[in-house]
Amino acid sequence: MDLYLTGKRALISGSSSGLGAECARRLAQEGVKVVVHGRDRDRAEQTADDIRKAGGEAAVTTGDLEKDEDANKVCADALEAFGGIDILVNNAGLLIRADNPDWTTVPTSDWLRSFNVNVVAAVRLAQKLVPPMIERGWGRVINFSSVAGYQMLGQLLEYGPAKAGVHNLTINLSHMISPKGVTVNTIAPGTIMTPGIEHFMDSMVGQPGWADSREANEEIYASNIYPQPIPRLGKPSEIAAAVALLSSPLSDYTTGALWRIDGGISKAL
């Protein structure tokens, strides 16, 4: 299906590896000129090279989106690379406390950093890149949240509220700018089989309560630890396909939406 994306220009934050890189590759396959972003230039260049070898167009920018000056540089590089940005994918984010400590021991600095990297970083990019979209009368903002933003897990305490903030940001911003032609939507993935999750599954092989292969551990994770109707983890390609569709002019009537792609784990309406 033609998604009518040929010639559009996109910045995908955090696209030097993992899920962001898959989104960058998918948009490039649809004819989008992609700006790859990361904090490690070598990894970002590798993703861009992969896109170019496949026949796509890609540029690279680097910077720490927790800092105003770095975010401003990323935006300037992105605008210069292809003469503008039509699609902003705010994929970059960070789980500050993967060790899941007791909530009374989490310092306020971790809460503040979680909000900075998961919410404010997206605002920094949007403030620079969205006004030109409004002037042209067309654009896309796609924010990445998480199952932790709407599912009460009893853990990831500083991460979940930040991701819930992404949902609120999306809805409010959509009301402000969608009348001017720029849609804003959220994708909330469940657990996706990224390299980091693959490493975790491999590390559990042979451990008590786990199986002897990554594939079997994936089913244990999705059936017993975090039960969901689809007994496997998500594929990066499944998230990237959603990004491509929301980026498309075919999705002109979709804004302020929360697209949960989580294997059905949510028990909420």
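Confirm whether GLY181 is modelled with pLDDT of 90 or more and of a type outside the set (Lys, Arg).
Yes: the conditions hold for GLY181.
If a residue must be within 22 Å of SER16 (Cβ to Cβ) and either out of contact with any strand residue (DSSP E or B) (no Cβ under 8 Å at 6 or more places or on another chain) or among the hydrophobic types (A, V, I, L, M, F, W, C) (or both), how many such residues does the range 61-112 contain?
Qualifying residue count for the region: 26.
Are any of the residues in the range 153-162 touching a Gly at 6+ places or on another chain (Cβ under 9 Å), outside any strand (DSSP E or B) and of a type in the set (A, V, I, L, M)?
Yes, because at least one residue in the range 153-162 is touching a Gly at 6+ places or on another chain (Cβ under 9 Å), outside any strand (DSSP E or B) and of a type in the set (A, V, I, L, M).
Looking at ILE171 and the list (1) under 18 Å from the mean Cα position of the chain (by Cα); (2) buried (at least 22 other Cβ atoms within 10 Å of the Cβ); (3) modelled with pLDDT of 85 or more, which single condition is not satisfied?
Going through the list (1) under 18 Å from the mean Cα position of the chain (by Cα); (2) buried (at least 22 other Cβ atoms within 10 Å of the Cβ); (3) modelled with pLDDT of 85 or more, ILE171 breaks only (2).
For residues in the range 67-105 being β-branched (Val, Ile, Thr) and touching a residue at least 40 places away in the same chain (Cβ under 8 Å), which is farthest from GLY160 (Cα to Cα)?
Going through the qualifying residues, I end up with ILE85.
Can you give me the ranges of the strands (runs of 3 or more DSSP E) entirely in the range 12-113 with at least 3 residues that are within 25 Å of LEU173 (Cα to Cα) and among the aliphatic types (A, V, I, L, M)?
Ranges flagged: 33-38, 87-90.
Is it the case that ARG41 is closer than 20 Å to PHE144 by Cα and not hydrophobic (A, V, I, L, M, F, W, C)?
no
Starting from the range 250-267, keep only residues that are farther than 18 Å from THR183 by Cβ, then list their pairs with residues that are surrounded by fewer than 18 Cβ atoms within 10 Å (Cβ to Cβ) and basic (Lys, Arg) whose Cβ atoms are within a distance under 8 Å, requiring at least 6 positions of separation or different chains.
GLY263/ARG232
The rows are residues; the columns are (1) farther than 27 Å from ILE197 by Cβ; (2) buried (at least 24 other Cβ atoms within 10 Å of the Cβ); (3) without any contact (Cβ under 8 Å) to a residue 60 or more places away in the chain; (4) touching a His at 6+ places or on another chain (Cβ under 8 Å).
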| position | (1), (2), (3), (4) |
| --- | --- |
| GLY7 | yes, no, yes, no |
| GLU22 | no, yes, no, no |
| ARG25 | no, no, no, no |
| ARG39 | no, no, yes, no |
| ASP64 | no, no, yes, no |
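In the range 239-269, what count of residues is obtained for those that are among the charged types (D, E, K, R) and exposed (fewer than 15 other Cβ atoms within 10 Å of the Cβ)?
Result for the range 239-269: 2.
Return the residue satisfying two criteria in turn: it lies in the range 228-238 and is surrounded by 16 or more Cβ atoms within 10 Å (Cβ to Cβ) and not in a helix (DSSP H, G or I), and of such residues it is modelled with the lowest pLDDT.
Of everything passing the filter in the range 228-238, GLN228 is modelled with the lowest pLDDT.
So that you can scan it fast, the table gives a plain yes or no per residue for (1) of a type in the set (Asp, Glu); (2) under 20 Å from the mean Cα position of the chain (by Cα); (3) under 22 Å from THR254 (Cβ atoms); (4) loosely packed, with under 14 Cβ neighbours inside 10 Å:
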position: ILE87; (1), (2), (3), (4): no, yes, yes, no
position: ALA98; (1), (2), (3), (4): no, yes, no, yes
position: ASP102; (1), (2), (3), (4): yes, no, no, yes
position: SER114; (1), (2), (3), (4): no, yes, no, no
position: ALA162; (1), (2), (3), (4): no, yes, no, no
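Name the single residue that is surrounded by the most Cβ atoms within 10 Å (Cβ to Cβ) among those in the range 176-219 being more than 30 Å from LYS8 (Cα to Cα) and hydrophobic (A, V, I, L, M, F, W, C).
Within the range 176-219, the match that is surrounded by the most Cβ atoms within 10 Å (Cβ to Cβ) is MET201.
Quickly run through the range 214-237 and pick out the residues that are free of Cβ contacts under 8 Å to residues at least 40 places away in the same chain and either among the charged types (D, E, K, R) or over 21 Å from GLY263 (Cα atoms) (or both).
ARG214, GLU215, GLU218, GLU219, ARG232
So which residues in the range 137-160 are at pLDDT 95 or above and crowded, with 21+ Cβ neighbours inside 10 Å, if there are any at all?
Result: GLY139, ARG140, VAL141, ILE142, ASN143, PHE144.
The values are calculated or read from the model by the stated rules, or taken from the named source; none is laboratory data. Every value quoted in this text rests on a predicted model; they were computed, and no experiment measured them. Note that we place each Cβ from the backbone using ideal geometry, even for glycine, and neighbour counts take in every protein chain shown.
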